[in-house]
């Protein structure tokens, strides 16, 4: 009986939360790595609770006869619940060069589970957390 009462109380509290309160946790970063490289460059990677992922490296490269700071990376997010958008980019002395691609439901077809079907613990284990 106490177990049922606890379930009812938890359900009532969850229903009482506003949508903003429910989403407050979504954007938070749950995994982040940063490394400063000895040549003055860097690299980092992050994952958020709302399925965003990004990775970037930056450092000096010799282009022609000059040293140029070059940044390369990508970020991925889920749009409309099942379309994965990936922005790959390179920024150098010639400007910012993005390439945008999308992949409906991760390319697995309509039978694939959505990202919302995967628990936080399962997601952490997939990325080595």
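The values are calculated or read from the model by the stated rules, or taken from the named source; none is laboratory data. This one's a predicted model, so the numbers in the text were calculated from it and none came from an experiment. Heads up, the Cβs are rebuilt from the backbone with ideal geometry, glycines too, and the neighbour counts pull from every protein chain shown.
All conditions but one from (1) part of a strand (DSSP E or B); (2) surrounded by 12 or more Cβ atoms within 10 Å (Cβ to Cβ); (3) modelled with pLDDT under 90 apply to residue 32; the one that does not is (2). Being in contact with a strand residue (DSSP E or B) (Cβ under 7 Å, 6 or more places away or on another chain), within 20 Å of residue 32 (Cβ to Cβ) and either at pLDDT 85 or above or exposed (fewer than 10 other Cβ atoms within 10 Å of the Cβ) (or both) is a condition met by at least one residue of region 89-102.
The set of residues in region 35-55 that are touching a helix residue (DSSP H, G or I) at 6+ places or on another chain (Cβ under 9 Å) and either at pLDDT 90 or above or assigned to a strand (DSSP E or B) (or both) contains only 47. Would you confirm whether or not region 56-76 contains a residue that is in a loop (DSSP other than H, G, I, E, B) and either in contact (Cβ under 8 Å) with a residue 40 or more places away in the chain or surrounded by 15 or more Cβ atoms within 10 Å (Cβ to Cβ) (or both)? Among the residues of region 56-76, not one is in a loop (DSSP other than H, G, I, E, B) and either in contact (Cβ under 8 Å) with a residue 40 or more places away in the chain or surrounded by 15 or more Cβ atoms within 10 Å (Cβ to Cβ) (or both), which makes the answer no. Among the residues making up region 77-88, those that are in a strand (DSSP E or B) and either surrounded by 14 or more Cβ atoms within 10 Å (Cβ to Cβ) or over 14 Å from the mean Cα position of the chain (by Cα) (or both) are 77, 78, 84, 85, 86, 87, 88.
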